[in-house]
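Chemist: Got a structure for you, written out below as structure tokens; questions coming shortly.
The values are calculated or read from the model by the stated rules, or taken from the named source; none is laboratory data. Keep in mind that what you see is a predicted model, and the values were worked out from it rather than measured. Ideal geometry is used to build each Cβ from the backbone, glycine not excepted, and the neighbour counts take in all protein chains shown. Ligands, DNA and RNA are excluded from the accessible area calculation, which covers all protein heavy atoms including side chains. Shrake-Rupley method; radii C 1.70, N 1.55, O 1.52, S 1.80 Å.
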Amino acid sequence: VYNAAPAWGVTVGDALGVPDPVLTQHLHQHQGQTFSFLGIRVSSPLSLVVNGRRPPGSALAPPRLALSNPSVAPG
């Protein structure tokens, strides 16, 4: 689950409700092999329903800011 906190997740046997899913067909080729699979995206792990309940706020990964300046040589 993208954007989920490392300590949060679902396990085999959990009932999972996915409101407003976006279904995407993925097709990738690598070293002469073709891989095709479906992906389901939701706006946030907080929008899921797991075993009849919404995940706690702590299920959402905290934001991280990454900066780079390619014009400055590393240290």
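Chemist: If you scan segment 4-40, which residues turn out to be assigned to a loop (DSSP other than H, G, I, E, B), within 13 Å of VAL50 (Cβ to Cβ) and not hydrophobic (A, V, I, L, M, F, W, C)? Walk me through how you get there before you give the answer.
Modeler: To start, the set of residues in segment 4-40 that are assigned to a loop (DSSP other than H, G, I, E, B) comprises 5-15, 18-21, 31-32.
Among the residues that remain, those that are also within 13 Å of VAL50 (Cβ to Cβ) are: 8-15, 18-19.
Across segment 4-40, the qualifying residues are GLY9, THR11, GLY13, ASP14, PRO19.
Chemist: Next up: Mind telling me which of the residues PRO55, PRO70 ends up being surrounded by fewer than 10 Cβ atoms within 10 Å (Cβ to Cβ) and not in a helix (DSSP H, G or I)? Steps first, answer last, please.
Modeler: Numbers: PRO55 fails: surrounded by fewer than 10 Cβ atoms within 10 Å (Cβ to Cβ).
One residue alone meets the criteria, PRO70.
Chemist: Something else: Any idea which of LEU60, LEU16, LEU23 is at pLDDT 90 or above, in contact with a helix residue (DSSP H, G or I) (Cβ under 6 Å, 6 or more places away or on another chain), open to solvent by 60 Å² or more (accessible area, probe 1.4 Å) and not hydroxyl-bearing (Ser, Thr, Tyr)?
Modeler: Values: LEU16 fails: in contact with a helix residue (DSSP H, G or I) (Cβ under 6 Å, 6 or more places away or on another chain); LEU23 fails: in contact with a helix residue (DSSP H, G or I) (Cβ under 6 Å, 6 or more places away or on another chain).
Criteria check complete, one pass: LEU60.
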